[in-house]
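Where a number appears in this text, it was derived from the coordinates with a stated rule and is not lab data. Remember, predicted model here, so these are calculated numbers, not experimental data. Here the Cβ positions follow ideal geometry from the backbone for every residue, glycine too, while neighbour counts run over all protein chains shown.
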2 protein chains.
Amino acid sequence: MNTLGYAILSVLSKRPSSGYELASCLDLLWPAKHSQIYPVLTKMEQKGLLSFEHIEQIGKPNKKIYSITEKGRKTLESWIHEPASNQIIRDDFLIKVYAIWLKDEENAKKLIQDRLDKLNEQVSLQVKEIEEINQEQTKTTSKKFGKYILLCRSHMLNKEEISWCHWVLGLLKSSHISKLLLGVFGSAALYKILQNLKLIMEYGEI
Amino acid sequence: MNTLGYAILSVLSKRPSSGYELASCLDLLWPAKHSQIYPVLTKMEQKGLLSFEHIEQIGKPNKKIYSITEKGRKTLESWIHEPASNQIIRDDFLIKVYAIWLKDEENAKKLIQDRLDKLNEQVSLQVKEIEEINQEQTKTTSKKFGKYILLCRSHMLNKEEISWCHWVLGLLKSSHISKLLLGVFGSAALYKILQNLKLIMEYGEI
DNA sequence: CGTTGCATGTAAGTCGTTACATGATTCT
DNA sequence: AGAATCATGTAACGACTTACATGCAACG
């Protein structure tokens, strides 16, 4: 069993779904294409971790609705109690930032600005989703609690990356006081000042 | 050419390195095992993007020092000017959080606490690294500028995730005022309050 | 009349990990 | 005495992506 299999089990432990639904649902958790999901579902069904039901539809293609079995639930439970292991991030934006010294000022700013635009779009979508769930008064024992706190996590991290983008744009902006400050202090000192301001805001002291 | 190839080019554009050095250096940028790096280096050398020099050493195995060629530099430059595309995050912690409703309170807290411990360790290492670079007054045109802002980015995001962990632990803590508050408001309302407090701190108003 | 959504699958190929293979030096 | 660091490579396998294949319904 690979991690994708456990991701599928964790979604099916909440409600039965088709492979098609899983593909969109897994985006938050463990992104996978349908061409990878369907064979995994078949294998897991053969191992007795899942069962499925044919649903005939009119006007739409037929589908298979998969449900988790008792064996599947046990397999999932023993896995989630093992310590989490590997976080893998592969983001070509990071490589382009690393090589930013090869760009002129305009292109450097464009790199950051494009990222900022994407992040802003994501954040505004997330605000709507969070607003919706906020109506429901989710409890810590609810099935939806996990999804809710993951959404908030992503939202917080996105907003923090937005702050970082603004900080970098400030450093790059030549027609700005920051160039003057940069000449005197360097970017490192400005980062230190930013951090200290945050500490003052959060704790009232450094 | 795949993304790993460009990551290698971007490191070599700063200074020549051996495959062994690259393996540790790429961790921040595009993590890869040595068994993947060595064949890629050979192929890139055959394509004329890199050149290497044998270095004989005493007391240590011999090594090959790779340098970027003019062709390699041009290839890299045209790639970094293309828009960044794919961000892939695969983190089994997220799956375990999603399925947190299957855990009892103690195991749920342990999941978050383990993550918090890892993050705290990472952050304290990063503080030292940032302190070191802060001596150097890095300019925006410096070769080191990209690495520096990436380090700050990672540091900011880690600290934000630490905040999130504390928020979640607060929600899970049963022997705490938060349970009383949770009973009245629900976790969503508490998140909203947290966000509003941040806005007040940052802008002086909501 | 083209695109998006619904719905499932296979085949070929690339990317990445784990294991195999070697070997001296230094640190604990 | 065992582990870690330095240093390079190959082979086998597993994970993931891209392309191929089909087909109806609704929307603009």
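Mind jotting down the three principal axis lengths of chain A based on Cα atoms? Whole angstrom, largest first.
69, 40, 35
Please give the helix B:34-46 orientation as an angle from the longest Cα principal axis of chain B, in degrees from 0 to 90, rounded to the nearest 10.
Here the helix axis deviates by roughly 40 degrees.
Cut-off 10 angstrom, C-alpha nodes, Gaussian network model of chain A. Which of A:Ile112, A:Ile162, A:Ile95 fluctuates the most?
With Cα springs under 10 Å in chain A, the top fluctuation among A:Ile112, A:Ile162, A:Ile95 is at A:Ile95.
From the backbone phi of the stretch B:25-30, what are the Karplus-calculated ³J(HN,Hα) couplings (6.51 cos²θ - 1.76 cosθ + 1.60, θ = phi - 60°) in whole Hz, Gly and Pro given as x?
5, 6, 3, 5, 9, 7
Please get the size of the charge dipole for the stretch B:76-145, origin at its Cα centre, with Cβ charges of +1 on Lys and Arg and -1 on Asp and Glu, quoted in debye to the nearest 20.
Magnitude of the dipole: close to 80 debye.
Just name one of B:Ala99, B:Thr140, B:Asn120: the one whose Cα is farthest towards the positive end of the charge dipole of the stretch B:92-173 (beta-carbon charges, Lys/Arg +1, Asp/Glu -1).
Towards the positive end, the residue furthest out is B:Thr140.
B:Met1 to A:Gln87: FRET efficiency via 1/(1 + (r/R0)^6), r the Cβ-Cβ distance, R0 30 Å, to the nearest 0.05?
Given R0 = 30 Å and the Cβ-Cβ separation, E is 0.70.
If we count every other residue with Cβ under 12 angstrom of B:Leu116's Cβ, Lys/Arg +1 and Asp/Glu -1, where does the sum land?
Local charge sum for B:Leu116: +1.
With springs only between Cα atoms under 10 Å apart, run a GNM on chain B and tell me which of B:Glu160, B:Glu105, B:Glu82 wobbles the most.
Taking springs between Cα atoms under 10 Å, the residue moving most is B:Glu82.
Any idea what the dipole of the stretch B:3-80 comes to, in debye rounded to 20, about its Cα centre with Lys/Arg Cβ at +1 and Asp/Glu Cβ at -1?
The calculated dipole for the stretch B:3-80 is roughly 80 debye.
Any idea what the dipole of chain A comes to, in debye rounded to 20, about its Cα centre with Lys/Arg Cβ at +1 and Asp/Glu Cβ at -1?
Here chain A has a charge dipole of around 380 debye.
Which FRET efficiency, nearest 0.05, do A:Lys144 and B:Lys43 yield, Cβ-Cβ r, R0 56 Å?
Plugging the Cβ-Cβ distance into 1/(1 + (r/R0)^6) gives 0.70.
Where does the charge balance sit around A:Cys25 when Lys and Arg score +1, Asp and Glu -1, over other residues with C-beta under 12 Å from its C-beta?
With Lys, Arg at +1 and Asp, Glu at -1, the net is +1.
Over the stretch B:92-173, what is the mean sequence separation of C-alpha contacts under 8 Å (at least six apart), divided by residue count, expressed as relative contact order in percent?
After rounding, I find 45 percent.
Two-decimal Rg/Rh of the stretch A:3-80 from alpha-carbon positions, Kirkwood Rh?
Reported Rg/Rh (Cα atoms, Kirkwood Rh): 0.96.
Considering only the label points, 7 Å along Cα→Cβ from Cα, what distances in nm to one decimal separate A:Gly59 from the same position in each other copy, shortest first?
With the label placed 7 Å along Cα→Cβ, A:Gly59 yields 8.0 nm.
May I ask you to compute the full-extension gain from A:His166 to A:Asn196, defined as 0.36 nm times their residue separation minus their alpha-carbon distance, rounded to one decimal in nm?
9.1 nm
Using only alpha carbon pairs under 8 Å that are at least six residues apart, calculate the relative contact order of the stretch A:1-106 and give it in whole percent.
26 percent
What gaps in nm, shortest first, separate A:Ala189 from its twins in the other copies when you place the label 7 Å past Cα toward the beta carbon?
Computed spacing set for this position: 4.9 nm.
Contact order normalised by length for chain B, with contacts defined as Cα pairs under 8 Å and 6 or more residues apart; what percent is it?
Relative contact order, chain B: 14 percent.
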